[in-house]
Amino acid sequence: MRYLFSILLVPLVFAIFPVKLSADEGMWLPVLISERIDDMKAKGFRLDAEDIYSINQASLKDAVVLFNGGCTGELISNQGLLLTNHHCGYGAIQCHSSVEHDYLKDGFWAMSLDEELPNDGLWVSFLIRMEDVTDAVLQGYDSSMDEARRDSLVRANSAAIEARAMAEGPSYQASVESMYYGNQYFLFVYQKFDDVRLVGAPPSSVGKFGGDTDNWMWPRHTGDFSIFRIYADKDNNPAAYSEDNVPYRPKKFFKISTAGVNEGDFTFVYGFPGSTQEYVHSDAIGYIEEMNPKKIALRDGRLEIMKKYMSADQDVRIRYSSKQANVANAWKKWQGELKGLIKLETRSVKKESEKAFTEWALSGGHDEYAGVIEELSRLYAQVRPYSYAMDYYVESLNGVDAFRFAMNVGRYIGLNGTEGLADYAEAFFKDYYYPIDEEIFIFTADRFMEDVPDEFKPEYLKEEFTRLGSTAAVADSVFAVSIFTDREKTLALAALDSAKAMEAVASDPLYRLADSFYAEYAALSGPAMEINRRIALMNRTYMRGQMEFDSEKAFYPDANLTLRVSYGEVAGFEPSDGIEYLPVSTLEGIIEKDNPDIFDYDIPQKLRDLYAAKDYGRWETEGTVPVCFLATNHTSGGNSGSPVINADGNLVGVNFDRVWEGTMSDLDFDPELCRNISLDIRYVLFIIDKYAGARNLMDEIVFAD
Ligand code: ARG
Ligand code: ASP
């Protein structure tokens, strides 16, 4: 019935308001959400600004965490139970996995508190408060200061502000973040928790279903979730792992709505988007268009090498699964971004508006903006060769594990001597596979030697490659004999006293190569930074100018891994001519894709059985189980794991991805093409309840309806 209703209603609405298209662009600062709340309410939201963010009462922000510095998570019980993505918990799940206990493959479910697994180094933090500190940060600034002096003033003032804030509470952390290219500064005060334990994860055949084949794609059927629990000391304060710790009692947690979502429903994503550049100059877009294909090609090569070895050996597959996923992820995103920029003609649209901007600036009264566009063009041209070379450094030899490891061991010994080095080495070699790394070395070294201009290559590296004649020969006499590609040799190094170890490191051929490589990179970053500083100054002026020029528009600051609100609605889209995507996917699609012969699509037998028996319990909806849905929320990397919240503030989904056709949203958001992908909370519950039989969790979760 509901289905029929929406089909009839939608065209009608469009007929009355032909240009109703809600522009859902925007990642809003929670502390300023009162400026958006009327618009949110007009679109269906039923709570108030104070319910989203408040320092006077518990609010939704208290149920959202920054998860391990790169993802988002949300609290779903009064006992510190936390939901995030499978790909965000991946490192932890993998870390507890071996061929005998393969939690990646088989999943993991703690059926009681004492089965939950501690994770060294895993942390989450809650936002305590945020506040505009622009005046305090710029105290002592006058416009005669150059950028370098301004930078150091900003740093010093920020450090003092942060230090004061950190003293306010236990395990408080604070950071002052620049918004609008330094036109505004906000202080963020967090409380950090270090005892975060693994509670549950579906097998990868659910949690990573579709793998890299489906990554960034719709229709999507990935059960991308994992469950953790935050522990605290007896007083509910953060504490390092201890057996005596107890489940954390959060100020707020999400109730779960099982009512589901329909096309057009209001949704709101609350999380930590990492980085966007919505206001950059057209030449910055031009550079991305030039560089993305090169970066993609470098990753093509690395991925092919990994794939070859991973598909031949189960042990190698486990060891490289996380590394491979990381490399593949940006690789695919860049492809979508490039396609999107071209489709939207972002560069020429920007050029047009830059022209209008300059005309406006010249039209009187706006002199300070008159030369900004031209100056930015000049600076981008100046920095281009450096950026190009540096991008190559990052995407080529820096992708060789042993290369980075050699450097890191050198640094480690410099700082700590050899104490603890054996553990450090063991952790590295646990996931190392020599044949892959050697082949990646040869491939990336070839590209580096060919594509990077000579003046930007390290002298020593050039000499070695010339002396030995070919990259394969370098691999033989450098890679094959190095300490850092060999576990035994590295452990022997760890057994030496620090001075002897340092000597051995310094004469290692791979270390010497890596050392010259990273030293040259650092040397390049000097002049690049100098130019980038001037770009930053120009961008600050340009940003201010854009806000004056377009004074009717509601601006939001670029993402910078601070907490944001994005709101929109459940909606399908048309990625290209002749294709229309529905906004919801279901278990039917999983069964359609199921194929034991294709690794990414081989579902667990138990899921097949549940399907055959139609054993869906209370998660059945219109004869099936909903799995994922699309919406128009403006999200970015870092929003993974974010709660997707309905009009009443209850949890309806977990954000985990975007459609690749819309990944240019980091540079240019298009309401027709940009969609975030969320896991329907009912699929999460179906897996916990029917697949895993984790009654303990079902009893702990609180339902809103
Ligand atoms: N594309 C999503 C994000 O950017 C998910 C990545 C993890 N999944 C994968 N198959 N690599 O993080
Ligand atoms: N998958 C991304 C993440 O891990 C989210 C995105 O880029 O849309 O944060």
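The values are calculated or read from the model by the stated rules, or taken from the named source; none is laboratory data. Owing to the predicted nature of the structure, the values given are computational and were not obtained by experimental measurement. Neighbour counts run over all protein chains shown; Cβ positions are idealised from the backbone, glycine included. Calculation scope for accessible area: heavy atoms of the full protein, side chains included, ligands and nucleic acids excluded. Shrake-Rupley method; radii C 1.70, N 1.55, O 1.52, S 1.80 Å.
Quick grid of which residues meet (1) more than 16 Å from ligand 2 (Cβ to nearest atom); (2) under 22 Å from residue 606 (Cα atoms):
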| site | (1), (2) |
| --- | --- |
| 75 | yes, no |
| 80 | yes, no |
| 83 | no, no |
| 93 | no, yes |
| 108 | yes, yes |
| 113 | yes, no |
| 119 | yes, no |
| 124 | no, no |
| 128 | yes, no |
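Confirm whether residue 694 is hydrophobic (A, V, I, L, M, F, W, C), open to solvent by 10 Å² or more (accessible area, probe 1.4 Å), at pLDDT 95 or above and more than 23 Å from residue 582 (Cβ to Cβ).
Details: hydrophobic (A, V, I, L, M, F, W, C): yes; open to solvent by 10 Å² or more (accessible area, probe 1.4 Å): no; at pLDDT 95 or above: yes; more than 23 Å from residue 582 (Cβ to Cβ): yes.
In short, no.
Can you tell me which residue in segment 547-564 is surrounded by the fewest Cβ atoms within 10 Å (Cβ to Cβ), limited to those that are farther than 27 Å from residue 646 by Cβ and in contact with a Phe, Trp or Tyr (Cβ under 6 Å, 6 or more places away or on another chain)?
Per the stated criteria, the residue is 547.
Open to solvent by 20 Å² or more (accessible area, probe 1.4 Å), of a type in the set (D, E, K, R) and out of contact with any Lys or Arg (no Cβ under 9 Å at 6 or more places or on another chain): is that true of residue 300 in this structure?
Working: open to solvent by 20 Å² or more (accessible area, probe 1.4 Å): yes; of a type in the set (D, E, K, R): yes; out of contact with any Lys or Arg (no Cβ under 9 Å at 6 or more places or on another chain): yes.
Criteria met by residue 300.
Please state which one of 124, 176, 137 is more than 25 Å from the chain's Cα centre (by Cα) and not hydroxyl-bearing (Ser, Thr, Tyr).
Working: 124 fails: more than 25 Å from the chain's Cα centre (by Cα); 176 fails: more than 25 Å from the chain's Cα centre (by Cα).
Result: 137 is the single residue among 124, 176, 137 that is more than 25 Å from the chain's Cα centre (by Cα) and not hydroxyl-bearing (Ser, Thr, Tyr).
Return the pairs, sorted by first residue and then second, in which the second residue is within 12 Å of ligand 1 (Cβ to nearest atom), the first residue lies in segment 643-663 and is within 14 Å of residue 705 (Cα to Cα), the beta carbons are less than 7 Å apart, and the residues are 6+ apart or on different chains.
Between residues of segment 643-663 that are within 14 Å of residue 705 (Cα to Cα) and residues that are within 12 Å of ligand 1 (Cβ to nearest atom), there is no close pair.
Tell me whether segment 132-155 contains one or more residues that are within 16 Å of ligand 1 (Cβ to nearest atom) and surrounded by 15 or more Cβ atoms within 10 Å (Cβ to Cβ). Walk me through how you get there before you give the answer.
Taking segment 132-155 and keeping what is within 16 Å of ligand 1 (Cβ to nearest atom), we get none.
The answer is no, given that none of the residues of segment 132-155 is within 16 Å of ligand 1 (Cβ to nearest atom) and surrounded by 15 or more Cβ atoms within 10 Å (Cβ to Cβ).
Of all residues in segment 450-464, count the ones that are under 16 Å from residue 297 (Cβ atoms) and open to solvent by 50 Å² or more (accessible area, probe 1.4 Å). Even if it seems obvious, please write down each step before you answer.
If we filter segment 450-464 for residues that are under 16 Å from residue 297 (Cβ atoms), which is where we start, we get 450-452.
Filter again for open to solvent by 50 Å² or more (accessible area, probe 1.4 Å), leaving 450.
Number satisfying all stated conditions: 1.
Within segment 427-447, does at least one residue satisfy the condition of being without any contact (Cβ under 8 Å) to a residue 40 or more places away in the chain and out of contact with any helix residue (DSSP H, G or I) (no Cβ under 6 Å at 6 or more places or on another chain)?
Yes, the conditions are met somewhere in segment 427-447.
Look through 333, 307 and report the one residue that is within 16 Å of ligand 1 (Cβ to nearest atom) and touching a residue at least 60 places away in the same chain (Cβ under 8 Å).
Details: 307 fails: touching a residue at least 60 places away in the same chain (Cβ under 8 Å).
Only one candidate passes the filter, namely 333.
Mind checking which residues of segment 565-601 are open to solvent by less than 60 Å² (accessible area, probe 1.4 Å) and part of a loop (DSSP other than H, G, I, E, B)?
Those that are open to solvent by less than 60 Å² (accessible area, probe 1.4 Å) and part of a loop (DSSP other than H, G, I, E, B): 571, 572, 575, 576, 583, 594, 595.
Tell me, please, whether a residue that is within 15 Å of ligand 1 (Cβ to nearest atom) and either open to solvent by 20 Å² or more (accessible area, probe 1.4 Å) or over 30 Å from residue 345 (Cα atoms) (or both) can be found in segment 259-267. Talk me through it step by step, then tell me what you get.
To start, the set of residues in segment 259-267 that are within 15 Å of ligand 1 (Cβ to nearest atom) comprises none.
Checked segment 259-267: no residue is within 15 Å of ligand 1 (Cβ to nearest atom) and either open to solvent by 20 Å² or more (accessible area, probe 1.4 Å) or over 30 Å from residue 345 (Cα atoms) (or both).
Considering (1) in contact with a Leu (Cβ under 8 Å, 6 or more places away or on another chain); (2) modelled with pLDDT under 95, say which one residue 213 fails and leave the rest.
Going through (1) in contact with a Leu (Cβ under 8 Å, 6 or more places away or on another chain); (2) modelled with pLDDT under 95 one by one, residue 213 breaks only (1).
Among the residues of segment 232-249, are any modelled with pLDDT of 95 or more, within 16 Å of ligand 1 (Cβ to nearest atom), within 21 Å of residue 643 (Cβ to Cβ) and surrounded by 21 or more Cβ atoms within 10 Å (Cβ to Cβ)? Break it down stepwise before answering.
Just the residues of segment 232-249 that are modelled with pLDDT of 95 or more, to begin with: 232-249.
Right, trim to within 16 Å of ligand 1 (Cβ to nearest atom) and you get none.
No, the conditions are met nowhere in segment 232-249.
Tally up the residues in segment 198-214 that are open to solvent by 20 Å² or more (accessible area, probe 1.4 Å) and assigned to a loop (DSSP other than H, G, I, E, B), please.
Pass one, segment 198-214, residues open to solvent by 20 Å² or more (accessible area, probe 1.4 Å): 204-205, 208, 212-213.
Then keep just the ones that are assigned to a loop (DSSP other than H, G, I, E, B); that gives 208.
Final tally of qualifying residues: 1.
For segment 627-674, enumerate the residues that are closer than 25 Å to residue 587 by Cβ, away from ligand 2 (no atom under 14 Å from the Cβ) and open to solvent by less than 10 Å² (accessible area, probe 1.4 Å).
Hits for segment 627-674 are 627, 629, 645, 651, 652.
Assess whether residue 686 counts as being within 16 Å of ligand 2 (Cβ to nearest atom), at negative phi and out of contact with any strand residue (DSSP E or B) (no Cβ under 7 Å at 6 or more places or on another chain).
Numbers: within 16 Å of ligand 2 (Cβ to nearest atom): no; at negative phi: yes; out of contact with any strand residue (DSSP E or B) (no Cβ under 7 Å at 6 or more places or on another chain): yes.
For residue 686, the condition - within 16 Å of ligand 2 (Cβ to nearest atom), at negative phi and out of contact with any strand residue (DSSP E or B) (no Cβ under 7 Å at 6 or more places or on another chain) - is not met.
Which residue is farthest from residue 109 (Cα to Cα), if the candidates are limited to segment 205-250 and must be within 16 Å of ligand 2 (Cβ to nearest atom) and hydroxyl-bearing (Ser, Thr, Tyr)?
Only one residue fits best here, namely 213.
What are the residues in segment 328-371 that are among the polar types (S, T, N, Q) and surrounded by 13 or more Cβ atoms within 10 Å (Cβ to Cβ), if any? Talk me through it step by step, then tell me what you get.
From segment 328-371, those among the polar types (S, T, N, Q) are 329, 335, 346, 348, 353, 358, 363; that's our starting set.
Within segment 328-371, 329, 335, 346, 353, 358 meet the criteria.
Consider residue 615 carefully, then state whether it is within 16 Å of ligand 1 (Cβ to nearest atom) and either modelled with pLDDT of 95 or more or assigned to a helix (DSSP H, G or I) (or both). Walk me through it before giving the result.
Values: within 16 Å of ligand 1 (Cβ to nearest atom): no; either modelled with pLDDT of 95 or more or assigned to a helix (DSSP H, G or I) (or both): yes.
Taking the combined requirement at face value, the residue does not satisfy it.
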